[in-house]
Each structure stands twice: as C-alpha cells, then as structure tokens.
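First up is the structure itself, then whatever we jot down about it.
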Amino acid sequence: MQVRPDGFDATWKWWLPPAHSSFGDDVDLLFYWIFWITMVTFVGVEGLMLYFCFKYRRNPARKAIYTKGSHSLEVAWTVIPAVILVALGVASAKTWATTKNPADPSFPQEFQTTIKIVAEQFGWKVFYAGTDKEFGTADDFFETNILNVPYEPVRRNDAGEVVEVLTEENVRILLGSKDVIHSLFIPVLRVKQDAVPGYLGNVWFDCQRATDPGPDDKHLTSDAKYSEDGRTLVDWEESYEIACAELCGLGHSRMKMSLKAVPRVDWEAWIKAKSDDAKLRAAAGG
Ligand SMILES: [Cu+2]
C-alpha cells in the first residue's frame with residue numbers, strides 16, 4: 001500500500017485527488033463502487049452489442065424471424081438493476097446522513113465556525129461573523145472568493161488512518177444564492193452542494209490538513225490575486241480550489257474561490273484584524 005504522509009492512499013485512489021475531510025474516504029469508496037458497477041455494465045452491454053452486430057450481420061441465406069421476446073430475460077434486466085440501485089442506496093445512507101442530514105446523530109452537533117457564503121454571477125461573497133461569532137453585527141466583514149478556515153489537526157498511524165482527532169474543527173457553511181442556481185464544489189473535501197436562490201442551505205466539512213503557506217510565507221489568503229486579464233485566480237499552488245459546479249451563465253468557468261485551511265491561532269488573528277477594521281469603518285459611518 002502506498003500511503004503518503006497526508007493520508008492519501010494512492011493504490012486505490014488512482015483517479016481522484018487526495019481527500020482531506022473526515023468523510024472523504026467514504027465518499028470515494030461509494031464513488032468507486034458506482035464507477036466499477038457502471039463500468040462493468042457498460043463494457044458488458046457494449047461488448048454484447050458489438051458481438052451481436054457481428055454475429056447477425058447481413059446474410060442473404062438467413063431469414064428474419066418473428067419473436068415475442070423473452071419473459072425471463074425481461075424480469076432479469078428489471079430485477080438486477082433494481083437490486084443494485086437499492087443496494088447502493090443502502091450503502092450510501094450512512095455517509096449521506098453524516099454529510100447532509102442534521103437530524104442524524106452522526107451529523108456534527110457542534111460547529112466551531114459558521115461562515116455564510118452567497119453565490120452570485122460570477123463569484124462568491126464570503127461573510128465572516130467576526131470576533132463575536134454573530135452575524136448582523138458591526139464586526140462582520142466579507143471577502144470575495146476567499147474562504148479561510150481553521151483546520152483539524154489529526155494523528156495518523158503508519159497506514160495513514162486517522163487514530164486521533166486532536167482538535168475538532170467542524171465548519172458550517174450557510175449557503176445561499178443571489179440570482180440563479182450555483183453549486184459549491186470543494187473537490188479536496190468531497191463537498192458539493194447546490195446554492196439555491198431564496199433558500200439558505202446547510203453544508204459542513206472539516207479539513208484535516210493545513211494548506212501550505214504561500215510565497216509570502218503566510219498561511220492565509222488575504223487578497224485574491226488574479227492573473228493580468230483578471231480572469232483567473234493565481235496562488236492556486238498553496239490553496240485548495242473551489243469551483244462553481246452548476247452551469248450558471250457566461251462567466252461560470254471562472255467562478256472560482258480559494259480555500260485555505262490554517263491553524264486556529266492564525267485564523268483567529270486574521271479574523272480579529274479584519275473585525276477591528278470593520279468596526280472602525282462602521283464607527284466612521286461607512
Ligand atoms: Cu455559478
């Protein structure tokens with residue numbers, strides 16, 4: 001088994017990027033189940049089709065026959081997919097509940113951090129509640145296309161499995177949209193959720209690995225750095241990419257955001273500096 005220090009097992013995840021959330025491996029396992037089932041079905045069905053195309057190719061000596069079909073075959077190709085569908089539903093129920101169902105006991109009961117993200121054509125407005133952790137107060141501030149969160153330090157064994165979570169860092173995202181349907185997609189955390197206008201959705205994740213510091217040796221992204229044509233965020237090397245995964249208009253492909261997962265002390269210092277700034281601006285009347 002090839003396990004990298006960050007816990008990425010390269011043997012069975014030959015296709016996917018590393019997963020850094022606590023539920024990432026479960027999502028990947030389901031992904032591969034579905035992938036291989038559809039792959040085997042695809043190859044089998046297409047292979048049979050090609051075989052029959054060849055076997056029953058035009059032959060003047062052969063006459064067409066009338067057939068009423070096969071009852072047992074029809075039962076088989078209805079029952080088998082139904083069984084597979086139900087099995088996949090059962091297999092994914094637990095992971096689904098953990099990631100999406102607040103009423104489930106495995107859904108985190110406590111969130112150390114809550115951040116509000118409003119998607120709009122074509123960017124993400126990220127609202128931070130400031131030092132008082134409360135939205136709608138003078139120390140709130142927002143960033144455009146920048147999501148900074150505290151990360152969750154873990155201890156791993158030699159096989160790369162998490163043996164201990166040193167500090168829980170469950171981040172809740174209140175996700176809304178200003179105009180059309182967008183989708184918040186964080187590949188490295190295996191998070192994907194539609195942002196629907198008029199509705200504030202709940203998303204959560206924990207990031208079990210800190211992003212590397214940038215060229216300035218800072219952990220946080222404080223200014224989005226764009227390329228010269230202003231279209232793409234640079235600084236991707238040191239941050240995780242977040243993209244819009246719902247075709248939302250002409251600028252959809254450049255609707256990106258950068259995520260940095262940083263030690264809590266750094267994150268809190270950044271929040272405090274930004275909050276103090278916001279309070280000063282509010283006191284000055286704008
Ligand atoms: Cu979008």
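The values are calculated or read from the model by the stated rules, or taken from the named source; none is laboratory data. Please read these numbers as outputs of a predicted model, since none were measured by experiment. FYI the Cβ positions are ideal-geometry reconstructions off the backbone, even for glycines, and counts take in every protein chain you see.
Quick look at the numbers
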read-out	value
Flag for residue 161 being in the same structural domain as residue 261 (by TED's automatic domain parsing), touching a residue at least 24 places away in the same chain (Cβ under 8 Å), surrounded by 16 or more Cβ atoms within 10 Å (Cβ to Cβ) and among the acidic types (Asp, Glu)	no
The stretch 238-251 residues that are farther than 13 Å from residue 119 by Cα, paired with ones that are more than 9 Å from the ligand (Cβ to nearest atom) and assigned to a loop (DSSP other than H, G, I, E, B) (beta carbon under 7 Å, 6 or more apart)	238/211; 238/212; 238/213; 238/214; 239/211; 239/221; 240/211
Residue within the stretch 204-212 that is surrounded by 17 or more Cβ atoms within 10 Å (Cβ to Cβ), among the polar types (S, T, N, Q) and either modelled with pLDDT of 90 or more or under 23 Å from residue 169 (Cβ atoms) (or both) present	yes
Qualifying residue in the stretch 270-279 (condition: touching a Leu at 6+ places or on another chain (Cβ under 8 Å), of a type outside the set (A, V, I, L, M) and within 16 Å of residue 212 (Cα to Cα))	no
Where a residue in the stretch 26-40 is more than 22 Å from residue 100 (Cα to Cα) and its partner, wherever it lies, is part of a helix (DSSP H, G or I) and not polar (S, T, N, Q), with Cβ under 9 Å and at least six apart	37/84; 37/88
Counted residues, the stretch 171-193 - those being surrounded by 19 or more Cβ atoms within 10 Å (Cβ to Cβ) and over 10 Å from the mean Cα position of the chain (by Cα)	6
Enumerated strands (runs of 3 or more DSSP E) restricted to the stretch 96-192, each holding at least 1 residues that are in contact with a Lys or Arg (Cβ under 9 Å, 6 or more places away or on another chain) and within 16 Å of the ligand (Cβ to nearest atom)	113-120, 123-128, 141-144, 146-150, 171-177, 182-186
Matching entry among 55, 94, 68 (being modelled with pLDDT of 90 or more and over 44 Å from the mean Cα position of the chain (by Cα))	55
Residue in the stretch 41-55 that is of a type in the set (Asp, Glu) and in a helix (DSSP H, G or I) present	yes
